[in-house]
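S.K.: Structure below; questions to follow.
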Amino acid sequence: MGERKPGDRERAITSVAKTSITDSGEKQHTLLGADELILNMGPQHPSTHGVLRVKLKLDGERVIGSECMIGYLHRGVEKIAEHRTYQQFAPYVDRMDYVAAVSNGLGYCEAIEKLLLVEAPVRARVIRTILTELQRIASHLLWLGTHALDIGALTPLFYCFREREEILKIFEKYCGARLTTHAFRIGGLQYEAYDTLEKDVERFCKNFESRIVEYEDLLTQNRIWLGRTKGVGILTSAEAIAFGATGPVLRASGVKWDIRKAMPYAAYDQYKFEIPVGTAGDTYDRYLVRMEEMRQSRLICLQAIENIPSGPILAKVGKVLKPPPGEVYHSIEAPKGELGYYVVSDGTVQPYRVRIRPPSFVNLQSFDRMVRGHLVADVVAIIGTLDIVLGEVDR
Amino acid sequence: MFLHSGRRGCDRGAYCTGSMADEPKEQQPSAPPAGEKPASSPSSASAPPAKPAAPPPPPGGVPAKPAAPAPPKPPVVLQTPLNNELVERVRAKFGPALVEATEDRKQAILTVECARLAEIALYFRDEEKFDLLSDLTAVDWPKREKRFDVVLNLYSFAKNERLRVKARAGDGEEVPSLHGVWPTANWLEREAFDMFGIVFAGHPDLRRILLPDEWKGYPLRKDYDIIEQDTAWVKENLGIESGQ
Amino acid sequence: MQAVTQGTIEFLKLYWAPLLCGVVIVAFLPLIVGYVVLVERKLMADMQARLGPMRVGPHGLLQPIADAVKLLIKEDIIPEDADKLVFWLAPVLSVGAALLSLAGIAIGPAFQIAKDINIGILFVVGVSAMGIFGIVLGGWASNSHYSLMGALRSAAQLVSYETAAGMALVSGLLFAGTLNITSIVEAQRQQGIWFGLLAPVAFFTYLVASIAETNRAPFDLPEAESELVAGYMTEFSGFRWSLYFLAEYTNMIVVASVATTLFLGGWLRPFPRTQWLNFLDFLPPLLMVAIGLYCLVRVPKQPARVQQFFMVAVAGLCFFLALVLAVPVLVPVVNPSLAAGVKPLYEGIHGSFWFLFKVSAYLYFFMWLRFTLPRYRFDQLMRLGWHFLIPLSIINVLVIGIAMIVGTYLHLEGWWLLLATLPASIIALLIALFILAAEQKSGQQQAGGAASDSYAG
């Protein structure tokens, strides 16, 4: 303490928070006549879901401004794509939204197929649908667990991981990998479905029905949960569209739009399912929408395994892919929202440009709008409800 | 005009050459399975492609030419001029500002004049009900006079239709910001600035978004070498030449 | 000479015995707390479909020791901008207050360090509330935003809930008519009924308020790990951090003890005066025998030799405890003439058992809540405190007071007192719920207004 200059302590405290008594006349813009507090959340913070960094401007505990600082996980995926062949790049997309790798792969493969003007065989499309829907459930389970954990409910996390584990086991049996699966190939599938795939999926779906009731028992009608999520982070439908929000965030705001229905890809046109829509656009509605989406995904899986058509699993694509020059934009309904691939080909083996439209990145933009006027505790609830994955935000 | 050379010509490091391992294979005329079923993908096509010879199709840019090394198959024309009602309306309203209207793999692409981009975007949002800006990005064509394509991917909930709007911009040329039309353009434009160095005029907060502020260069430009930054960093901080 | 000896013994009894007890408690409490934490982790694991600590010792039984060693040898980090003196002092203050309040707790009629303080319960509550200084100062001295916010939250929370807890205690104390802890338990023996049953609303209020006071979920906002990283403890590590941890768990034990003493009959067995329920005295030894037998049955299933040995040891311990517990109840059965002789033994051993049993049950409830419920938001916590619990506890004091008067007037005693207090409790609850409903209505309007306001821009 000896070498400390006398003013140090005061200065340090001023930087923390100091009620300005003397010049309160000038501080009329805040409620208590206090200085604003700048709180830095992340990139190392328990609930910023990876390496998101948020700068919050606080008045007491009320947020009066925020800024997301991203890029800590930027790996230059789009640049890498330009230096890889079409097939070589496929595993890279798994590393973007690493909790929904199968969906990423589906979007990429379909985009390149479109660019090549090939179409995957029916059997491949059905198996793709099954795996992608399982992946959606897995992704939503991870969201549910972490979201609940952010709001302070410890237990759902482990229940969710229990079920997610079942899905990952199916992936592992199918392609040998659990997380970054690289399950699909351009033109179809590389691996034939293993013998008991249908049985495994069916068993999972059967169990899952009661399990999801279990989660809802813990949360849906819980007074604290309602208090923490209702009216928090409201996004009206107009705002959601203006901010480009897609996926459950958009649907919870009341816009009934799901690419699986609007522009069916894979085998979604064959199955019956509902698009859950919210009304209030708050955190609670997003919770309900995602819960219902899991149920619908389960139904899709059950329908799909009933009748997996036989036939080839890989369309005739060459070993070397040289799509004719041109460009294509293809998007799928990833668990987080619209995952788009804009691929430009110049006729060589490497893509000229691959642009990935990341749902998390775009959805995160509405964070500032959602968080203003709320308390610090709501910030983590809102980060959770956006369901972002920083691998995808930063790419 | 696609200019392989434009791409190959760029200064590639050893890193890049390594990735070209299957270049030899490329020589074999392994027939690209393309072209056989052009109408296959269940897609987000716009209105039916009205083929009849319409106003001026071709000026520059996207060629209607198949890939150079393609085997002697009948060339598949993937890029066709587009002339539907939407194009008519846009042309009637903006005249020469609509530079080109094409269709590629059943996806509509309108190329518009860069200076009037914001105005046209507003028109698309309000009049044509393309209310969702799915994506905003850019493509770099270094050999072209105006090297950048700023690409907007629009979606209309009402029509369930996608539309791609492009604007060509030269290096250093200011592109009007669309932040006022779609707030979501904010980050997307920042990303385009970050990666390409395209300046968006009227953007409220044009800073780098994914890369650190002190980053040099714009990585997604074609003349930006993938290991440039590494070599520079090694040289500066370790005082040795990079081993890569 | 004899007078001198007598005087020395008196002196030792008065000062050195409590001091020795204190040293023993300070030495062993960290161990006890460590095992409370282990139990908590095991319970949590069980509720969350997993195993919990399993590596250190059989079933993780040595985990607390490993944790303690780890915490002790961790690097001691003091942030550069911290106020070093206060930073050093704060955790000590916190843990000091918690330990000091233990002095007033009576585990059995014989086991109390600070014996027969006439303001017993007031002393415990008052001293344990001092711990807040440790939290506030620690949060302030860390010179970190998260710590500061945690400290602010903690201060506000403690002030709000201390009121409710105090009022709830008053309702209970009305029955006892004394603040002395031994007398409070004696009063419950005389009434033959726990005060928790006579004043259920007060018990409930105290339960909620005590969770909030000890910063436990769902009221763990001062250290809400998902919001404030670790709240006031963010900058603390190693030994200092473990002091805070120790303080928190000690406080839990203290509030559980207070609740047990005042509302759950302290060291009395259930229904202490009902003769035909005397067989309840055989329950503790039988329970111990059952646990021991279970351990023995599980022995062959243990994978390693060490674990088998450990299980046998645990079983042996249980049987020994069963024996100890059985002696005071079996001796009067065998030889009724010795009944009076073993009476103090019975009080001591069975009293401790029942007291610890009740405290454990109370702590189990704390833990159960933590694993089940999400966390309140700060404004909701404050609203719950000021708009529901405080009015409820104040109204409860009033109606219980009236019920007492009615009871005295009608000469109601023991269980018959319920006739007066139960309706009173129901009335208090109804009034509080009415207030809550009215408040919620206006709160919704307010929230609606705030929401529209904050989204206007």
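Here, each number is a calculation from the coordinates, and none is a lab measurement. Predicted model, so just to flag it, every value in this text is computed and none were measured. Positions of Cβ are generated from backbone atoms using ideal geometry, with glycine treated the same way; all protein chains shown enter the neighbour counts.
S.K.: Over region C:1-83, how many percent of alpha carbon pairs lie in each 5 Å bin up to the one with the longest distance?
M.R.: 3, 12, 12, 13, 11, 10, 10, 9, 7, 6, 4, 2, 1, 0
S.K.: Arrange the following residues from fewest to most other Cβ atoms within 10 Å of their Cβ: A:Asp59, A:Asp282, B:Asp126.
M.R.: By the 10 Å Cβ count, ascending: B:Asp126, A:Asp59, A:Asp282.
S.K.: Averaged over every viewing direction, what's the projected area of the C-alpha convex hull for the protein assembly as shown? Give it in nm², one decimal, please.
M.R.: 56.2 nm²
S.K.: Right, next: Using per-residue counts of other Cβ atoms within 10 Å, averaged over each peptide, order A:44-50, C:22-28, A:382-388 from highest down.
M.R.: So the order, starting with the most tightly packed, is A:382-388, A:44-50, C:22-28.
S.K.: Check the straight Cα-Cα distances from A:Lys322 and name the aspartates and glutamates below 13 Å, setting aside those fewer than 8 residues away within the same chain.
M.R.: Within reach: A:Glu113, A:Asp346, B:Asp22, B:Glu23, B:Glu26.
S.K.: Roughly speaking, what is the stretch gain from A:Asn307 to A:Lys57, that is 0.36 nm per residue apart minus the C-alpha to C-alpha distance, in nm to one decimal?
M.R.: 84.5 nm
S.K.: If you don't mind, another one. Mind giving me the FRET efficiency for C:Ala339 and C:Phe111? R0 is 25 Å, r the Cβ-Cβ distance, nearest 0.05 is fine.
M.R.: Taking R0 as 25 Å, the efficiency between C:Ala339 and C:Phe111 is 0.70.
S.K.: How far apart, in nanometres, would the label points at A:Gln270 and B:Asp126 be if each is projected 7 angstrom from Cα along the Cα-to-Cβ direction?
M.R.: 4.7 nm
S.K.: Mind listing which GluC sites (Glu not before Pro) in region B:114-198 are in a DSSP loop and have 12 or fewer other Cβ atoms within 10 Å?
M.R.: B:Glu127, B:Glu145
S.K.: Out of region B:79-166, which trypsin sites (Lys or Arg not before Pro) are coil in DSSP terms and have no more than 16 other C-beta atoms within 10 Å?
M.R.: Of the trypsin sites (Lys or Arg not before Pro), the ones in loops of region B:79-166 whose Cβ has at most 16 other Cβ atoms within 10 Å are B:Lys129, B:Lys143, B:Arg144, B:Lys146, B:Lys159.
S.K.: Same structure, new question: Any idea what % of Cα-Cα pairs in chain A are farther than 30 Å?
M.R.: 44 percent
S.K.: Which distance in nm do the two modelled labels at C:Asn118 and C:Val306 give, with both placed 7 Å along the Cα-to-Cβ direction?
M.R.: Using points 7 Å along Cα→Cβ, the separation is 5.7 nm.
S.K.: Computed FRET efficiency, Cβ-Cβ of B:Glu241 and A:Asn207, R0 56 Å: what is it to the nearest 0.05?
M.R.: 0.40
S.K.: How much length would be gained if the chain were fully extended between A:Glu216 and A:Met69, taking 0.36 nm per residue of separation minus their Cα-Cα distance, in nm to one decimal?
M.R.: 49.5 nm
S.K.: For the residues B:Met195, A:Met370, C:Met404, C:Met54, what sequence is obtained by ranking on other C-beta atoms within 10 Å, fewest first?
M.R.: C:Met54, C:Met404, B:Met195, A:Met370
S.K.: A follow-up question, please. Starting from the 7 Å offset along Cα-to-Cβ, what nm value, one decimal, do you get for the label separation of B:Asp171 and C:Leu369?
M.R.: 6.7 nm
S.K.: Roughly how far apart, in whole Å, are the Cα centres of region B:86-109 and region C:168-202?
M.R.: Cα centres, region B:86-109 to region C:168-202: 86 Å.
S.K.: For B:Ala138, list long-range residues whose amide hydrogen, built 1.01 Å from N in the peptide plane, is under 5 Å from its own amide hydrogen.
M.R.: B:Val151
S.K.: So what is the orientation-averaged projected area of region C:1-45, using the convex hull of its C-alpha atoms, in nm²?
M.R.: 3.5 nm²
S.K.: Can you give the extra length, in nm with one decimal, that the chain gains between C:Leu14 and C:Leu31 once fully stretched, where that is 0.36 nm per residue apart less the Cα-Cα distance?
M.R.: 3.4 nm
S.K.: Now for a separate question. Using a cut-off of 16 Å between alpha-carbon atoms, which lysines can reach A:Lys57, once sequence neighbours fewer than 8 places away in the same chain are excluded?
M.R.: Within the straight-line cut-off, A:Lys57 pairs with A:Lys18, A:Lys27.
S.K.: Explain nothing, just compute: Karplus ³J(HN,Hα) = 6.51 cos²θ - 1.76 cosθ + 1.60, θ = phi - 60°, for every residue of region C:198-215 in order, whole Hz, x for Gly and Pro.
M.R.: Couplings: 5, 10, x, 5, 4, 4, 4, 4, 5, 4, 5, 5, 6, 5, 5, 5, 8, 6 Hz.
S.K.: Any idea what % of Cα-Cα pairs in region C:275-371 are farther than 15 Å?
M.R.: Looking at region C:275-371, the distances longer than 15 Å represent 69 percent of pairs.
S.K.: Further question on the same structure: Fewest first, what order do A:Ile70, C:Ile349 take by the number of other Cβ atoms within 10 Å?
M.R.: With the fewest neighbours first, A:Ile70, C:Ile349 line up as C:Ile349, A:Ile70.
S.K.: Another question, if that's okay. Please report, in whole Å, how far the alpha carbons of region A:49-142 spread along each principal axis, starting with the longest.
M.R.: In descending order, the Cα extents are 59, 33, 18 Å.
S.K.: Inside 10 Å of the C-beta atoms of B:131-141, what's the mean count of C-beta atoms belonging to other chains?
M.R.: Per residue, the number of nearby Cβ atoms from other chains is 6 on average.
S.K.: Which of A:Lys55/A:Lys336; C:Lys70/C:Lys301; B:Lys143/B:Lys222 have a Cα-Cα distance over 20 Å?
M.R.: Violating the 20 Å Cα-Cα cut-off are A:Lys55/A:Lys336; C:Lys70/C:Lys301.
S.K.: While we're looking at this one, here's another question. Check B:Glu100: other-chain or 5+ apart residues with amide H under 5 Å from its amide H, H built from backbone geometry?
M.R.: Here the answer is B:Thr111, since their amide H atoms fall under 5 Å of that of B:Glu100.
S.K.: In whole angstrom, how far apart do the alpha carbon centroids of region B:201-224 and region C:68-118 sit?
M.R.: 54 Å
S.K.: Please compute the alpha carbon radius of gyration of region C:1-142, then divide it by the globular-protein estimate 2.2 N^0.38 Å. Two decimals is fine.
M.R.: Dividing the Cα Rg of region C:1-142 by 2.2 N^0.38 Å gives 1.38.
S.K.: Something else now. Kindly rank B:230-239, A:185-194 from highest to lowest mean number of other beta carbons found within 10 Å of each residue.
M.R.: A:185-194, B:230-239
S.K.: Between region A:100-162 and region B:147-196, how far is it from one alpha carbon centroid to the other, in angstrom?
M.R.: 28 Å
S.K.: Continuing with this model, one more query. Using the Kirkwood radius built from alpha carbon pairs, what does the Stokes-Einstein equation give as D for region A:323-395 at 25 °C and 0.890 mPa s, in µm² per second?
M.R.: 175 µm²/s
S.K.: Using every alpha carbon pair in chain C, what percent of pairs falls into each 10 Å bin from 0 up to the bin containing the largest distance?
M.R.: Binned Cα distances yield the sequence 4, 17, 26, 26, 18, 7, 2, 0, 0.
S.K.: What are the lysines whose alpha-carbon lies under 20 Å from the alpha-carbon of A:Lys272, with same-chain residues fewer than 8 places away excluded?
M.R.: Once the sequence-local lysines are set aside, what remains near A:Lys272 is A:Lys206, A:Lys256, A:Lys261.
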